[in-house]
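What follows is a short report on a single structure.
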Amino acid sequence: MTNHWIDYKNSDVFLIIGANPAENHPLAMKWIHRAKEQRGAKVIVVDPRYSRTCASADMVAHIRPGTDIAFINGIIKYALDHGSYHHDYVINYTNASYLVREDFIFNDGEFSGLQEKDGKEVYDKGTWKYQLDEEGKPIKDITLTNSRCVFQLLKKHVERYDIETVCQVTGCDRQTYETVARTYTSTGIAGRAGNVIYAMGITQHSVGTQNVRILAMLQLILGNMGIAGGGVNAQRGECNVQGSTDMAMLYHIIPGYLAVPKDFAHPNLADYIQKETPPGGYWVNKPKFFVSLLKAFYGENATPQNNFGYDYFPKCDANDHSHQSIIKDTHEGTINGMMIWGQNPVVGGPNTSYTVEALKKLDWMVAIDLFETETGAFWKAPDVNPEEVDTEVFMLPAASVYEKEGSVTNSGRWIQWRYKAIEPIGECKSDLWIVDRIFNEVRDLYKSQGGAYPDPILKMNWDYGGSFEKKPDVKKIALEVNGYDVASGQGITSFGVLKDDGSTACGNWIYAGYFADPENPACKKRELDDPGDLGVFLNYSYAWPLNRRILYNRCSADINGKPWNNEKPIFSYSGGKWTNLDVPDFNATIEPEVSGSSPFIMTVEGVGRLFSDSPLDGPFPEHYEPVESPVKNAFSKREFMPVANIWKHDHSKLVEKGDPNYPIIASTMRVTEHYQSGVMTRNLPSLVELMPEMYAEISRELAAEYRIEPGEMILISSPRGQIKVRAMVTSRNKPLYIRGNVHHLVCMPWHWGFKGLSTGASANTLVPNVGDANSSIPESKAFMCNIRKI
Amino acid sequence: MSINKLISRRGFLKGLGGATAFGTTVSGMELLGGPSKALAGELKIKYGTEKMTICPYCGVGCGILVYAEDNKVIYVEGDPDNPINEGALCSKGASIGDFTHIMEKGKRVENKLRLKKVLYRAPKSTEWEEKDWQWALKEIARRIKDTRDATFEQKNAQGVTVNRTFAMANFGSAALENEENYLFHKFVRGLGLVSIDHHARL
């Protein structure tokens, strides 16, 4: 999130899209309702079905899954047409005035630079750049009238997204759409805060990255970034997915969102530093973050002479190594061994049957969890003959949340400490102990027996006092993540002091300050003072970066430092001084006009990007149909995202447009009582009692057409597989009227599997292996299926 | 009303003399008098320890107070001093006691479904076998080393130093703590892994 949970109480209008907080982040509703009660806030919910959150909404817009870009581009058009955007904010804080190269073209669904490479379409982004003056600086037109300025290009891009077409494509009725557009764009004035809340309904698409980007663009146009009650707020799904993402448990990054070193681009440290360091913005400090990370990783074995151990660090290649690729690589025999910590890919990942087929090919698997999972027990899955499966599986018993201590980071970037309430039961161990033991055992083997180049293991800085009898010292690890001065061992309180010469070590630069003093770390603070009633609680826990609660908060005031909102100012500037209620996300020691020239400090330009060359799939969001869709694209000749990721294999046959065998749109969803792949909830009697069984929601109209009775078991099928579930017939689910035709929708929770107290079919059995070009995230929210009576 | 204007629940109870307050406070119980007052009894957390954790489910990060006695979780409730949830919890957060002890006929008993021992499944086997940690750690380490030794690449075809193996993958974990995930990162990169992913895409 750019903002945080409590900050919701400062919003005037909520746009909740592709998210269902009442269901999946229930305590978010406390703050949404606080805003309704105290400020008369209005709540808009955009969802294919009438979700639990809709019950608290003032406006509900039902849209077809996968049409979010059409929906929002239409609102952007509305704002531009009616002048209901925040003019001063757009001129000063975005790249609206920047001129784009003449050879940047968008034509009929394709941006300039589309080419074929290795049998796949990719974009060469060379034309997606600004026009530059003799000094290499972008040329601007602050009147916003030049036809090549971003503002005019955006206006031209959204021209096709008129209300009539948008309503035809999304299925939203016209009256609701106009009310939503008018209400939300009313936040485009100084003093009003619009809050965009989103979750997996926005991300799990082949255009997921563009979906998120368009929400950010909407907020920039309306001046809602960096203000109290505003922002682009991703409601993250797990207690520490924010932390695990920050710690980069993803193939393409390393802690603190640094790029993973790659063989083709960064053979040496100098290449990495040169290619990865931009010419402007706060990321110019990347060398300091990276070298400090290497120092944390390799300790004394990281010296200027050996490039701080750069060679020890494994280099990635040009291929995708995300979840869907990992499963395919396992199926194809490249991956022989797998470790799975508190995760359940058989239920949680797309294409369940294919996942099981892949796991059968493993030599060995280590699964660490609280309960026996469908993944650890894949050899017992229905339709699997264990005698044909040679995989060795080690299922290790893990300690639960209150059987250990450590920190977790919520969606609002607040890092909170957890204390231990009981010793682990039975022979359970914390994952901290387990990984420490396994690493040490492997290291001992290499010490005593040698083997394939052991230095990256032997030279790793890993000495946390752990033994078989004793857990590693979590405080020592936390101090390393926090960062410290190498000579003195003192924890640092800011990443501003990091150096690229090996004198500082820091496991994750954005966490600097959370644990500087191990005896009294900032993340353990519990003070409840909240001056100004803004809800920031600066002395409760610690937020990254540097305890800033609202990111980009320079934007909360105009170029002269005068707050847009006098009722809830985060900052104000007068008499040469800033008065602030949040930690400044800007340099508060210089003139406001200067800091106001680059309020988005992480971009090279220093301003928010309405036009961006960062994504792989286009500088402006464009509507494309989902990869599997029954509807012809109304906006261009390209049916689905040209550069989407599609994993081509026999187990993921795709539904062609108009295939009568799979005419129903399908989507996955969650329920409050269960959690993700169900391991942590389907084994708890109280939660199973509340929500005992897998089901699928279908509309009354669809039920009538297929003669399905409420509660009857039905078969849902796709080319990837078939599941048997109970039909919940409900008016919460409605047929969609799209471009003259009726389309039906099936929505299913994906929490169930064949293990546990409550067992049931896995919705992910139906999902294809397609994904977003940038994030490889699967398109679980829009695919095709069929249903029938049994 | 902002949270700092409200007295915390703990402060309220402290002011009334702690856990025995239930029997002596001016409440409905007093008015019942006689046998009903005797039945009111003591708070079940009277002899328990109180520790604070953060909910292991969604990304809100609600504070939870966990009460334990004899290494058994006897009660959980929302932490009223956490400004995010102000003492409230949803159905999942309220159930975390069930990870270790569930209610059965009015008593707290261990959740039998919880894994408490190391399990091993041999090739072609239809069953788990119970093993001990020492054995498992050594066997796992040997398999990691064997796979790494058989597939490790110091330089790629272009002669670039890569120090990696494509033959092992690591999944996890959004369920685990920052310090754990950081050690995981060192662990996987130390081994030379490239194939790394977790819940963020799911």
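The values are calculated or read from the model by the stated rules, or taken from the named source; none is laboratory data. Nothing here was measured: the structure is a model prediction, and the numbers come from that model. All Cβ positions, even for glycine, are placed from backbone atoms using ideal geometry, and neighbour counts span all protein chains on display.
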Q: Answer yes or no as to whether A:Val604 is in contact (Cβ under 8 Å) with a residue 24 or more places away in the chain and not assigned by TED's automatic domain parsing to the domain that holds A:Ser112.
A: yes
Q. Within 24 Å of A:Tyr282 (Cβ to Cβ), buried (at least 21 other Cβ atoms within 10 Å of the Cβ), of a type outside the set (Ser, Thr, Tyr) and not assigned by TED's automatic domain parsing to the domain that holds A:Ala302, is that true of A:Ile559?
A. no
Q. Given the residues A:Asn285, A:Asn319, which is the only one that is within 27 Å of the chain's Cα centre (by Cα), within 13 Å of A:Asp501 (Cα to Cα) and not basic (Lys, Arg)?
A. A:Asn285
Q.
Can you tell me which residue is farthest from A:Gly229 (Cα to Cα) among those in region A:1-34 that are away from every other protein chain (no Cβ under 14 Å) and not acidic (Asp, Glu)?
A. A:Gly18
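Results for (1) closer than 23 Å to A:Glu238 by Cβ; (2) touching a His at 6+ places or on another chain (Cβ under 9 Å); (3) aliphatic (A, V, I, L, M), shown as yes or no for each residue.
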residue	(1), (2), (3)
A:Tyr8	yes, no, no
A:Ile17	yes, no, yes
A:Arg34	no, no, no
A:Glu37	no, no, no
A:Gly40	no, no, no
Q | Unique residue being surrounded by fewer than 24 Cβ atoms within 10 Å (Cβ to Cβ) and touching a residue at least 24 places away in the same chain (Cβ under 8 Å) when the list is A:Asp650, A:Asp659 | A | A:Asp659
Q. Within the group A:Leu702, A:Leu766, which residue is more than 23 Å from A:Tyr354 (Cβ to Cβ) and away from every other protein chain (no Cβ under 14 Å)?
A. A:Leu702
Q: Please specify each residue of region A:233-268 satisfying the condition of being more than 7 Å from chain B (Cβ to nearest Cβ) and in a helix (DSSP H, G or I).
A: A:Asp246
Q) If you go through region A:138-154 one residue at a time, how many are surrounded by fewer than 17 Cβ atoms within 10 Å (Cβ to Cβ) and within 29 Å of the chain's Cα centre (by Cα)? A) 0
Q.
Out of the residues in region B:159-169 meeting the condition of being within 7 Å of chain A (Cβ to nearest Cβ) and more than 20 Å from A:Ser322 (Cα to Cα), tell me which one is surrounded by the most Cβ atoms within 10 Å (Cβ to Cβ).
A. B:Thr161
Q.
Would you confirm, using the coordinates I've provided, whether A:Ile32 is among the β-branched types (Val, Ile, Thr), surrounded by fewer than 16 Cβ atoms within 10 Å (Cβ to Cβ) and in the same structural domain as A:Ala228 (by TED's automatic domain parsing)?
A. no
(Q) Scan region A:341-351 and tell me whether some residue there is crowded, with 21+ Cβ neighbours inside 10 Å, more than 7 Å from chain B (Cβ to nearest Cβ) and farther than 26 Å from B:Lys112 by Cβ. (A) yes
Q | Selected residue [under 30 Å from B:Leu65 (Cβ atoms) and modelled with pLDDT of 95 or more] from A:Leu479, A:Leu458, A:Leu498 | A | A:Leu479
Q) Can you find a residue in region A:611-626 that is in contact with a Cys (Cβ under 9 Å, 6 or more places away or on another chain) and either over 24 Å from A:Ser775 (Cα atoms) or of a type in the set (A, V, I, L, M, F, W, C) (or both)? A) no
Q. Out of A:Gly608, A:Gly575, A:Gly535, which single residue is crowded, with 20+ Cβ neighbours inside 10 Å and over 30 Å from A:Leu154 (Cβ atoms)?
A. A:Gly535
Q. Do you know which residues across region B:38-91 are among the basic types (Lys, Arg) and at pLDDT 95 or above?
A. B:Lys51
Q: Could you check how many residues of region B:51-83 are in contact with a Ser or Thr (Cβ under 6 Å, 6 or more places away or on another chain) and facing chain A (nearest Cβ under 7 Å)?
A: 5
Q) Of the residues A:Asp617, A:Asp613, which is under 28 Å from A:Asp558 (Cα atoms) and assigned to a loop (DSSP other than H, G, I, E, B)? A) A:Asp613
Q | Which listed residue is within 30 Å of A:Ala666 (Cα to Cα), surrounded by fewer than 24 Cβ atoms within 10 Å (Cβ to Cβ) and within 13 Å of chain B (Cβ to nearest Cβ), from A:Asp271, A:Asp320 | A | A:Asp320
Q. Taking the stated definitions as given, is A:Asp533 within 18 Å of B:Asn82 (Cα to Cα) and charged (D, E, K, R)?
A. yes
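One line per residue, one yes/no per condition, for (1) at the interface with another protein chain (Cβ under 7 Å from one of its Cβ atoms); (2) crowded, with 20+ Cβ neighbours inside 10 Å:
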| site | (1), (2) |
| --- | --- |
| B:Glu130 | no, no |
| B:Lys145 | yes, yes |
| B:Ala157 | no, no |
| B:Phe171 | yes, yes |
| B:Glu177 | yes, yes |
| B:Phe184 | yes, yes |
| B:Val188 | no, yes |
| B:Ala200 | yes, yes |
Q) Only one of (1) within 11 Å of another protein chain (Cβ to nearest Cβ); (2) touching a residue at least 40 places away in the same chain (Cβ under 8 Å) fails for A:Ala302. Which number is that? A) (1)
